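Down below is the structure, laid out as structure tokens.
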Amino acid sequence: KQWYQRRVRVNKTVSIETNCVEIEEKGVRLRLTVVDTPGFGDALNNDKCEEAIIKYVANQYEAYLQDESGLNRRNIVDNRVHCCLYFISPYGRGLKPIDIKFMRSLHDKVNIVPVIAKADTLTKSEIRSLKARILEEIEEASIRIYQFPECDSDEDEDFVEMNKDLKESLPFAVIGSNTFIVKEGNRVIGRQYPWGVVEVENPEHSDFGKLRNMLIRTHMQDLKEVTRDVHYENFRSQKLSYSTNTSVSETTGPKIVDETDKIIREKDEELKRMQRMVEQLTKQQNMLAAMQKQ
């Protein structure tokens, strides 16, 4: 068997990397932005490793809010994060504390889709067992991952079956490779082992095809709508509420005190003027009375 390698080394870093690509699906061109954090969780101290990612998501919402509040609303570029693929190590018995902490801190800000990485290191029974364990721990930790929408009664049967299959596949167990291998006369992306070839896009080997179809074809619009109607709206409401409370405290707090002091001072001065006027009138009346007696 002939096989070819195209190696691209991914440097681990604590920074966030953004890559934009254009793909074409059935004649429709799609601009896709992939945000990667290859160094997440690799530091000696991971207490605040999720903060950079949370900040990035919030910054995209902030930029969209600013554009939405401006004059050029029709040409807004939507760079909001519509989906977060969270990769889980296959070597443990489930979720690590850092996994739970990260998903908890981000589940109310973005759609989280859990993914088991390097699924070719596990047998099929081990994958089933690990999937069940991860879903159980996600429920115990009260983590809200992306929920596939319920199908209507008049939906196409094929779509209903596919949607059900996607739900049952969570978390997706995928295999990654950048190696092209010639298998039975066909070039496939996969991994070469002494016992055979693991194909990335073979549904018997990996859930990669299901994940790709879900993201690009079947549920892309729903991911965008949930982001717009739920996550972004929550951010927008909190931002506007905070701005309103801040402006109210700034305008009604110190200024009200200043206004009150000003009114009190004016009243005091007015009372003093009236007292002086009364004293002057009293003196004038006394002087007139004395002159009349004379």
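The numbers here are math on the coordinates, done by the rules we state, and not lab data. Please read all numbers here as calculations on a predicted model, not as lab measurements. So basically every Cβ, Gly included, is an ideal-geometry build from the backbone, and we count neighbours across all protein chains shown.
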Output the peptides 113-122, 85-94 sorted from most to least packed, where packing is the average of other Cβ atoms within 10 Å over each peptide's residues. 113-122, 85-94
Convert 20 °C to kelvin, take the viscosity as 1.002 mPa s, use the Kirkwood radius over C-alpha pairs of segment 103-152 as Rh, and evaluate the Stokes-Einstein diffusion coefficient in µm²/s, rounded to a whole number. 172 µm²/s
Go through Lys48/Lys109; Lys109/Lys224; Lys55/Lys96 and tell me which ones have a Cα-Cα distance over 19 Å in this structure. Lys55/Lys96
Where a ≥ b ≥ c are root eigenvalues of the Cα gyration tensor, a/c under 1.5 meaning rounded, otherwise prolate if a/b exceeds b/c and oblate otherwise, segment 99-254 counts as prolate
So for segment 21-131, using the alpha carbon gyration tensor with a ≥ b ≥ c as root eigenvalues (a/c under 1.5 gives rounded; past that, a/b versus b/c decides prolate or oblate), I'd call it oblate
With all pairs of different alpha carbon atoms counted, what Kirkwood hydrodynamic radius in Å does segment 130-172 show? 11.7 Å
What shape does segment 140-200 have by the C-alpha gyration tensor, where a ≥ b ≥ c are the square roots of the eigenvalues, rounded means a/c under 1.5, and otherwise prolate means a/b greater than b/c and oblate the rest? oblate
Say R0 is 35 Å: what FRET efficiency, to the nearest 0.05, do Asp165 and Asn72 get from their beta-carbon distance? 0.25
Straight distance only, please: which aspartates and glutamates reach the Cα of Lys101 with their own Cα at less than 18 Å, same-chain residues fewer than 8 apart left out? Asp42, Asp47, Glu50, Glu51, Glu136, Glu137, Glu139, Glu140
Total formal charge among the other residues, if their Cβ is under 13 angstrom from that of Gly94, Lys/Arg +1 and Asp/Glu -1: -2
